1. Hey, with R₀ at 30 Å, roughly what FRET efficiency would residue 26 and residue 84 work out to, going by the Cβ-Cβ distance, to 0.05?
2. By DSSP, what percent of the beta bridges with both residues in the range 11-185 are antiparallel, rounded to the nearest 5?
3. With a 10 Å cut-off between alpha carbons and a GNM built on the chain, which of 110, 127, 90 moves the most?
4. Calculate for the chain the 222 nm mean residue ellipticity that helices alone would give, adding -39,500 (n - 2.57) per DSSP H run of length 4 or more and normalising by residue count, nearest 500 deg cm²/dmol.
5. Multiply the residue separation of residue 57 and residue 116 by 0.36 nm, subtract the distance between their alpha-carbon atoms, and state the gained length in nm to one decimal.
6. Go ahead and set up a Gaussian network model of the chain, Cα springs under 10 Å, then flag whichever of 34, 120, 172 fluctuates most.
7. Over the chain, what relative contact order in percent results from Cα pairs under 8 Å that are six or more residues apart?
8. Compute the distance from the alpha-carbon center of the range 1-54 to that of the range 119-185, in whole Å.
Amino acid sequence: METISNLIPKRMFFTNGVGYHKNKLQSFELALRDADIEICNLVTVSSIFAPGCKIISRKQGVSELKPGQITFVVMARECTNEPNRLVSAAIGLARPTNPTQYGYISEHHAFGQTEKKVTDFAEDLAATMLASTLGIELDPNVAWNERKKLYQIKEYNFTSRSIAQSAKGHKDGLWTTVLACAVMLMD
């Protein structure tokens, strides 16, 4: 039996979704369905990617979920009922190239930002926040090495990745909800 002190994620997957409905809550439910995580009781947590945690595919992760399961997620979510208003949500992950060190997960949600813009921002935010936990300053514009596809600062190297969802508000004013999640699995 797991105790609170040893609930350390061993695996994690990324997912995203969008939902449209006349009721705000139901648009969120439909976004969860689109993300394939609607069967879980979600508990939002913050930000630390556990050392040694393995990233698995969405398909594999979803296949292991059980109805009613308490599931920890880092979630970014945004909604609107304004026709054509662009909403976006993104999760970014920065992790040291050394797998024995922890990483950082960020969430970002915005109006009027494209999927590309929110993914770039979420990755830069995760890298900046990870650097700050290590007591170093990171300027993403200086630290990003495009050729190597990683952030480099002092003796640290961070890789990054992200997932995002964006959508324009439904033309008929239905609630539009977008979400992006990092879903943590304990076993």
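Values quoted throughout were computed directly from the atomic coordinates according to the rules given, and no laboratory measurement underlies them. As the structure is a prediction and not an experimental result, all values here were calculated from the model. In this analysis, Cβ positions are derived from the backbone assuming ideal geometry, glycine residues included, and neighbour counts consider all displayed protein chains.
1. 0.90
2. The answer is about 90 percent antiparallel.
3. Fluctuation is largest for 110.
4. Calculated at 222 nm, the ellipticity per residue is -6500 deg cm²/dmol.
5. Value of the extension gain: 19.1 nm.
6. Of the options given, 172 has the highest mean-square fluctuation.
7. 33
8. Using only Cα atoms to place each centre, the spacing works out to 18 Å.
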